[in-house]
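Below is one structure; the comments refer to it alone.
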Amino acid sequence: MWKWLATLFACGAAVFYVLSAPKPAELSPEFADIIGDPAAGARIFAATGCLSCHLTPESETADMKLGGGRAFPSPFGTFIAPNISPSPDGIGNWSEAEFAVALKSGVGRDGQHLYPVLPYTSYHFMRERDISDLYAFIMTLPAVEGAAPPHDLPFYARWRRPLGIWKHLANAALPHDFEAATSTNEGAYIVEALAHCSECHSPRNLIGMKTGKNWLGGATLFGSDEKAPSLRPDNLDSWTDTDLKTYFQTGFTPDYDTASGEMVEVINNLAQLPDEDIDNIIKYLRGL
Amino acid sequence: MKTSKLISYTAVFALATSALFAQANILEERQAMMKAMGQAMKVLSPIAAGSADYDQAVVDAQMTAFQDAATKMVDMFPEGSDGGETEAAPAIWSDADGFAAAVETFVKDVNAAGTPKDEFELADAMQTIGPNCKACHQDYRIKK
């Protein structure tokens, strides 16, 4: 009897050990040969919205200081955005490949899991070319001295290993084949991989995982009372394409109400994208 | 004795109900004030952009929505007016200094916009006042 239990426990532990292991994304052999273009990276930077979370609080947006420090309260403790500026306290010593692995698989430079407050379930679908351009662009921004404070988490959330299991489940829960969609449909690529709209607009379960149901159908922000509305066609029916475009570029709704809360930052980012990108976003949302 | 008790009960009751009414009224009043500004933006933006004809009477009438709000705004969010059907964020009261500064900027910008006399002045006025909407809604409104 005890032998059986011990065996069962050992097997369980072994399965957990294997499934929870950090799995750095495998980059293509060509990745090393891509030369990042900072000018093209500026567009990716706007679409992914790095600045909205990593901007040094109280600093001017125009100064583009990625010093981190902004707090993100959640049911699992308070996460603090790290310094991702090109200083040794940020990602100045990270190679381009390490940067790509962090975005695509949520595995840090030290080989540990990163918390999904970095939206890697979305960035997983980013193209290597774009990651390379983004890296090149970030390296042109001011180097900010000083690391941000560490996350403030309860004891049970400090152990990162279970995130490996979380990632498997989170990827399995994604509702459709993003690999195919994001490589063929530019709108899907911007909405799902770059702008990570689903991180706020799709419902999550108790362990903070997007359930895959009612995709982009509206949700309450994780760890806040703020509501993100549905982006599905039935909710956008009364808006024309021009209305949507005006909203994404200025923040004004057809009634001349405005975006509020987190969406204000999102609009500030989207407003920098070329018209064509906004048109593709709208086309993709219309087809959901 | 009896009468004085009755009077004091009535007084308490009257105070309580008037406080409730005041609460409901302030919500209604500030929502009407916000809607009026939204409406003004809706009417004035196409005029400023040149896609609607310039009509001085219309412009003057709509501009009053901002001037009116600029005089009232500071009194529209008293302590305790955070209940009921409101999207006013708790930050209005927890970050009172920040909110006061935002209101001050708004008032200053409305005064700077003045009373436009042609579509170019109107466009400038819209450019000056417009960013206040988003700036305030970012930190001080919560969509529920």
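The numbers here are math on the coordinates, done by the rules we state, and not lab data. As the structure is a computational prediction, the values presented were derived from the model and not from experiment. Here the Cβ is made from the backbone with ideal geometry for all residues, glycine too, and neighbour counts use every protein chain on show.
Could you go through segment A:87-93 in sequence order and give the Karplus-derived ³J(HN,Hα) for each residue, using 6.51 cos²θ - 1.76 cosθ + 1.60 with θ = phi - 60°, rounded to whole Hz, and x for Gly and Pro?
10, x, 7, x, 10, x, 9
Using the Karplus curve 6.51 cos²θ - 1.76 cosθ + 1.60 with θ = phi - 60°, what ³J(HN,Hα) values do you get for each residue of segment A:188-203, in whole Hz, with x for Gly and Pro?
3J(HN,Hα) across segment A:188-203, in whole Hz: 4, 4, 5, 5, 8, 8, 8, 6, 6, 4, 5, 4, 9, 8, 10, x.
Relative contact order (percent) for segment B:53-135, with alpha-carbon contacts under 8 angstrom and 6 or more residues of separation?
32
Taking the Cβ-Cβ separation of A:ILE35 and A:PHE155 as r and a Förster radius of 45 Å, what is the calculated FRET efficiency to the nearest 0.05?
According to the calculation, E is roughly 0.50.
Which loop trypsin sites (Lys or Arg not before Pro) in segment A:202-255, with loop taken from DSSP, have no more than 16 other Cβ atoms within 10 angstrom of their Cβ?
Hits after loop and neighbour filter: A:LYS213.
Given +1 on the Cβ of Lys and Arg, -1 on the Cβ of Asp and Glu, and no further charges, what dipole in debye does the protein assembly as shown carry about its Cα centre, rounded to the nearest 20?
2180
Taking the Cα centre of segment A:91-247 as origin, sum charge times position over the Cβ atoms of Lys and Arg (+1) and Asp and Glu (-1), and report the length of that vector in debye to the nearest 20.
Value, rounded to 20: 640 debye.
With each run of n ≥ 4 DSSP H residues scored as -39500 (n - 2.57), what mean residue ellipticity at 222 nm is computed for chain A after dividing by its residue count and rounding to the nearest 500 deg cm²/dmol?
Estimated from H runs of four or more residues: -11500 deg cm²/dmol.
Using 7 Å Cα-to-Cβ label points, what is the A:LYS23/B:GLU28 separation (nm, one decimal)?
6.1
Which one of A:ALA13, A:PHE45, A:PRO150 is farthest out on the positive end of the charge dipole of the protein assembly as shown, using unit charges on Cβ (Lys, Arg +1; Asp, Glu -1) and the Cα centre as origin?
Looking along the dipole axis, the top candidate is A:ALA13.
With a 10 Å radius around each residue's Cβ, average the other Cβ atoms per peptide and rank A:6-17, A:41-52, highest first.
The peptides rank, most packed first, as A:41-52, A:6-17.
Explain nothing, just the number: relative contact order of chain A, from Cα pairs under 8 Å at least 6 residues apart, as a whole percent.
Reported as a whole number, the value is 19 percent.
Taking the highest mean first, how do the peptides B:51-60, B:115-124, A:124-133 order by number of other beta carbon atoms within 10 angstrom per residue?
Ranked by mean Cβ neighbours within 10 Å, highest first: A:124-133, B:115-124, B:51-60.
Determine the shielding of peptide B:37-43 by partner chains: average, over its residues, the number of Cβ atoms on other chains within 10 angstrom of each Cβ.
Other-chain Cβ atoms within 10 Å of each residue's Cβ, averaged: 3.
Compute the length gained on full extension between B:THR115 and B:ALA49: take 0.36 nm times their separation in residues and subtract their Cα-Cα distance, giving the result in nm to one decimal.
Gain on extension, B:THR115 to B:ALA49, equals 22.0 nm.
Using a 10 Å cut-off around each Cβ of peptide B:131-140, what is the average number of partner chain Cβ atoms that fall inside?
Across the residues of B:131-140, the mean count of other-chain Cβ atoms within 10 Å is 5.
Put +1 on the Cβ of every Lys and Arg and -1 on every Asp and Glu Cβ in segment A:138-286; which of A:GLY187, A:HIS176, A:TRP159 then has its Cα farthest towards the positive end of the dipole?
Value: A:TRP159.
Given the C-alpha atoms of the protein assembly as shown, compute the convex hull and give its volume per residue in Å³.
Hull volume normalised by residue count: 226 Å³.
Report the charge-dipole magnitude of segment A:1-127 in Debye, nearest 20, computed about the Cα centre from +1 at each Lys and Arg Cβ and -1 at each Asp and Glu Cβ.
560
Among B:SER81, A:SER198, which comes first, second and so on when ranked by fewest other beta-carbon atoms within 10 Å?
B:SER81, A:SER198
Put +1 on the Cβ of each Lys and Arg and -1 on the Cβ of each Asp and Glu in the protein assembly as shown; which of A:GLY68, B:TYR54, A:GLN249 then has its Cα farthest toward the positive end of the dipole?
A:GLY68
Among A:PHE79, A:PHE252, A:PHE137, which one shows the biggest mean-square fluctuation in a GNM of chain A, springs joining Cα atoms closer than 10 Å?
A:PHE252
Report, in degrees rounded to the nearest 10, the 0 to 90 angle that the Cα long axis of helix A:38-48 makes with the longest principal axis of chain A.
80
Whole-Hz Karplus ³J(HN,Hα) for segment A:271-288, in order, using 6.51 cos²θ - 1.76 cosθ + 1.60 and θ = phi - 60°, x for Gly and Pro?
4, 8, 7, x, 3, 4, 5, 5, 4, 5, 4, 4, 4, 5, 5, 4, x, 5
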